Every structure is written in structure tokens, then in C-alpha cells.
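The values are calculated or read from the model by the stated rules, or taken from the named source; none is laboratory data. Quick caveat, the model's predicted, so the values are computed rather than measured. Cβ placement follows ideal geometry from the backbone for every residue including glycine, while neighbour counts extend to all protein chains displayed.
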Amino acid sequence: MTPSLPGLRFRLFGFPVTIGVDFLLITLIIGLQARPGVGIFEWVVVVAVSILIHELGHAFALSMYNIHPEIRLWGMGGLTISGFVLPPRKSILVSLAGPLVGIPVAIAFMVLKPWLPSTGLLAETASDLIFVNLWWGVLNLLPISGLDGGNVIVNLFVIVLGQRGKRPGLVIVAVCSVAIAIGAIFVGFFYLTIVIIFFGLFNPEPYLTSWQLVTGGPGGPRVASAAPSKGAWAAPRAESRSDSGGDRKGEDRKGGDRHGVEGRGRGRQPLLMVAADSRRAFGEAFAETMPGGSGEAAPVDLDELERRPAPLLADVVGMMANRDDPAVAARLATETDPLAVLGIVTRVVESKRVSQLLGVLRRDDTADRIPALLKLQVGLHALGRFEDSMAAASILGRSGGARSAALEARSAARAGDRKRATVALERVLALGPIRLSDAALGDIVRLGPDRKIADLLAKLRSAASPN
């Protein structure tokens, strides 16, 4: 079950919110055990509002770092999608913000309850608000994979031991998750065990790291954490609420990875995931670069792209954890959902395996090589990894066509590389003609006045104009 199912979509305090039909159905099923009649609807509303309060705590904490996240209630809980990889201390503060908002709400209703009627719908609503906000807040403070407490433990280890502390932190979270799940079975609290299994399926990194430690495999995946995860990866980014360009000087202010990112894009650039506010830029580049069935630009409904929740890619997480770059390349080549493409590329960036994937695709001689590289180039450009995007374009060469060359020119312009942008525009002219979009022209204008580039743009306009 993924959050790509239909749901209610709206904005709250400026944050895009989706309440998935899967969340409503699971909440309804849980409540049917003890909520006959009208009471079941009160229960569903209380659970949705309580978990939304919790996620708003995360969202407002992220907004302090100029990050504008997306909230989603799905499955057995909620998640706040933040595509930035936060430094450990900021990540801990964001993770704790959810419980530290929800638990006080429960305490407030405890104080108010004696003044409320002792029976009736109002009394039942107050009791449910206390129970759900308190239970969900305390649960999230436990060191469980995919929940806030697990993220806090891993980041505490990173603060104390540096990046080498991530692996023992993940192992501790895995051990605690298993121990709590088993303990819940012995005390008859089977629902807690189900919750741990559910979030563990979508956050397998602690368990995979522990398994590799036990079996003597590689030293665990080096995946940058995004907070809070709650069944997503963020983080993605992805994601997230930045513009598609990388503001290198403003990275720390915006919550970027202060340790930098590997590969050829060495600037401190924000990681973008799949929030509604930032999908359009990716969708435009995807539509301009990926060929459709007739060789024209791939059709992308940008409005639909912003509205639709992104799928969760559990298989890609496993591939990245096992460092199976050929499998990721194959998955990227066959994926047709633009949001899933962005999710795969984001995961590759977070896992610091861009150069490895580029190496695999450089050596690959299959028919999948070109579509995989094109998608990778688009995703890297959208994530602000301009040097890596240009590296993908170099591997493609003439086989990428004029559209790939045009995107390379945009990446070069964003990176301030006037010479590279000029060479790419010359290749566009040789491979085209194509009409550059307003977004592409806007990127190239960033380079400032340049006679040679102006001449190339004039020739492109002339070549692309109908006779």
C-alpha cells in the first residue's frame, strides 16, 4: 500500500496536505472494533486531526529553516516530506517537534476535561483526543525505525561519533525496534507490533545494516537520513520545497547537508525530493528532455504532477542499501512515472552513489542506457547537481540528442560555466533545431551578456522558426 492512492487534498497554513483513502480505511477498520454507529466517524476525525497536529509540528519546525514541506496521512500514520538532508542537530529538533506539539495538546484536554460533560459526544471526543495525541506522541519518541525516536537516536550517534556513528546508530534502532515488537506481543499489544512492522517495511535501512553486520557483508548502506521519515525517504528529498537550482551559499541556512555531497557536484546544494511546490520544475525539464512516442517532448501534465502524491519506492531502497547500481540503472530505465524517476534519482544522490551509477551507465551497452541516462540527467539537474547532470550529458554525447544538449547548457549556465554552456548550445544547433523553452532561456540568461551565446541563441531561434 502506498500513498499514491486517492485522497483528500488541501492546504493548511500554507502546507500541501493529502489525507489518503488508505489512511481513512485503516482508521475506520481499527475503530469498528469498539465504535458502533456515529461514534466511528468521530473516531476517524479525531485520529486524522491528531496525527495532522503532530505532522504540523514537524512542518512548522522545517519552515524555520526556510523549508516548505508536504504533509501526507497514509497507511497507519503520517509523514512530513522534507527533501533536504538536514544536519544532525536540526534533524533532531525537527523530529522532536511533532511529539512536542501533540503531547501538550493531550495535556491541555486533560486539564479541560473536568469542565466538560461527563458523557456524550463531547466527552468521548475529548477522551479520544487525549488518547490519540498522547499515544502517538509517546510512540514516536520510542527508538523505532521510521519514527521520530529512531531518527533522533541515529543523529545523536552521528553528533557524538561523526559519520562513522551512523552505522551503530542504525543497529541500535533495529535492535530496539525488534525488542519492542516482541515485547508488545508478550503483553498482548499486537497493534504496536503491526505498526513497527509496517514502518519497518518502508524504512528497512536499520535492519539491512544489522543484517550486513551479522552476515559479514558490506559495512552497511551510507544513506543520508531525512527527518522525519515516518515511512518516506525523503526526503527526500526530494524532498522538497526548494527551487530547483542549488543556492550554494545559502545551503546551511536552508537546512542542507553541511557535510556536502559526493561526486562531481561539490557545491553545498539542497536535496530536492517530491513536494508539490517543487515538482513543476522537474516536470518541465522532464517534458523538454525525454522524447515521447513521436520523438517530440514527452507529454507531462504539470498540474497533475503537482497534485498527485509520489509513490514510495521500497525496492530502490533495498537496491541502494545493497549497492546494486546495475539494478538501479535498470529500474531507472524502465520507470515511466516522472515522480518515481525523481524519487529514484533523489535516493541515488542521498546515498552518495551518483558517480558509481554514472560509471555503470558509462560501461553499459544495452538499449536501456540512453533512457536511464536521460532520466538521470533530468533528475540531477532538478536537484541542483549541475556538474553531475553535465557528466551524464557527456556520457550520452550525440546519442542524447538536441534536448539533452539543451539541458546540459542549462546546467552549465546554472553552474556559471560559460564555456560549457557555449559548447552545449553549439551541439544543440548541430543536432536540432529545437525551440528552447522560456525556462531554458531564463537559465542561460543567468550567465549575463555574452556575444557568442547571443549569436547561438539567435541562430537557434532562426532555425526553429517555421518557414
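Tabulated data
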quantity	calculated
Residue 353, sole failed condition from (1) more than 16 Å from the chain's Cα centre (by Cα); (2) farther than 21 Å from residue 206 by Cβ	(2)
Hits in the range 10-41 (condition: of a type outside the set (A, V, I, L, M) and touching a helix residue (DSSP H, G or I) at 6+ places or on another chain (Cβ under 6 Å))	15, 16, 27, 31, 35
Residue within the range 146-158 that is in a loop (DSSP other than H, G, I, E, B), at pLDDT 85 or above and closer than 22 Å to residue 179 by Cβ present	yes
Those helices (runs of 4 or more DSSP H) lying entirely in the range 159-238 with at least 1 residues more than 29 Å from residue 135 (Cβ to Cβ), at pLDDT below 85 and among the β-branched types (Val, Ile, Thr)	205-215
